[in-house]
1. When chain A is modelled as a GNM with alpha-carbon springs shorter than 10 Å, which of A:126, A:93, A:20 fluctuates the most?
2. Report the dimensions of the range B:58-106 along its three principal axes from the alpha-carbon atoms, largest first, rounded to Å.
3. Taking neighbour Cβ counts within 10 Å as the exposure measure, how do B:42, A:146 sort from fewest upward?
4. Under a plain spin-label model, where a point goes 7 Å from the Cα along Cα-to-Cβ, how far apart in nm are residue A:15 and residue B:107?
5. Among A:88, A:31, A:76, determine the one that fluctuates most according to a GNM of chain A built with springs between C-alpha atoms less than 10 Å apart.
6. I'd like the orientation of helix B:25-35 relative to chain B: the angle between its Cα long axis and the longest Cα principal axis, in ° from 0 to 90, rounded to 10.
7. Sort B:57, A:59 by Cβ crowding within 10 Å, fewest neighbours at the top.
8. For residue A:112 and residue B:128, what is the calculated FRET efficiency with R₀ set at 22 Å and r taken between the beta-carbons, to the nearest 0.05?
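Every read-out reported here was derived from the displayed coordinates using simple, explicitly stated rules and does not represent laboratory data. On a predicted model such as this, the values are computed, not experimentally measured, just so you know. Neighbour counts run over all protein chains shown; Cβ positions are idealised from the backbone, glycine included.
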């Protein structure tokens, strides 16, 4: 059983610089063909200052920083039992190449189903840029299968 | 791409579908590096089998990123307000995922005219992999 004391836990901030080559790599990995995501001139024509981070990209912040791995270790969830249950984003302004995004998360709920065979951890996050403007809010539900 | 306009869009309209090629190990390795998700269950067959899985399988966020492509090929990302999904089934090697979406509501949200779009992805056997919805502002 995951200790319910983790509800309310705040993760250390994760800082993600939005970098051109990383976004181009991400676009390749997902098969993105829209030049807005790989060509700075196309991005500018579309009204962005530079390549925009695509809709799901900010999920990388806590993976890159190691905050996600440390959380799982603390919760006692091995990678072999981990599944992603739900993911949500609400968007407030774009994050583009040159921006630095900081993600701050809180564990907001932990519950189980099927007599504890599945446990769920809910994490909510705020992503802000270098001007402290809200970029996005994230909500993740991770699942531990026992 | 011509962005859809609020007046021209009707409830029930389908978004142009996005058909992906079958998932292979290269796709998973590239996404592991690009996304920062280095969980070996997606890239190391030995680890996957020790974890009780038949083989490596796709990262959930890869499937969500494909649904993101479905949305941004229909309307510019700057108009995307919300995007929420539930992961309903594991995408295994060889699964060819098709993403689709449908306008289910026209509404005003925080002073903007928006549409609510149901999104869905399924493999070639018709099994749902991801279901969710998005809120998109239209001019």
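1. A:93
2. 35, 19, 15
3. Details: B:42 24, A:146 11.
Listing B:42, A:146 from fewest to most nearby Cβ atoms yields A:146, B:42.
4. Taking the two extended label points, one gets 3.9 nm.
5. Answer for the Gaussian network model of chain A: A:31.
6. Rounded to the nearest ten degrees, it is 60.
7. With the sparsest Cβ surroundings first, the list reads B:57, A:59.
8. 0.40
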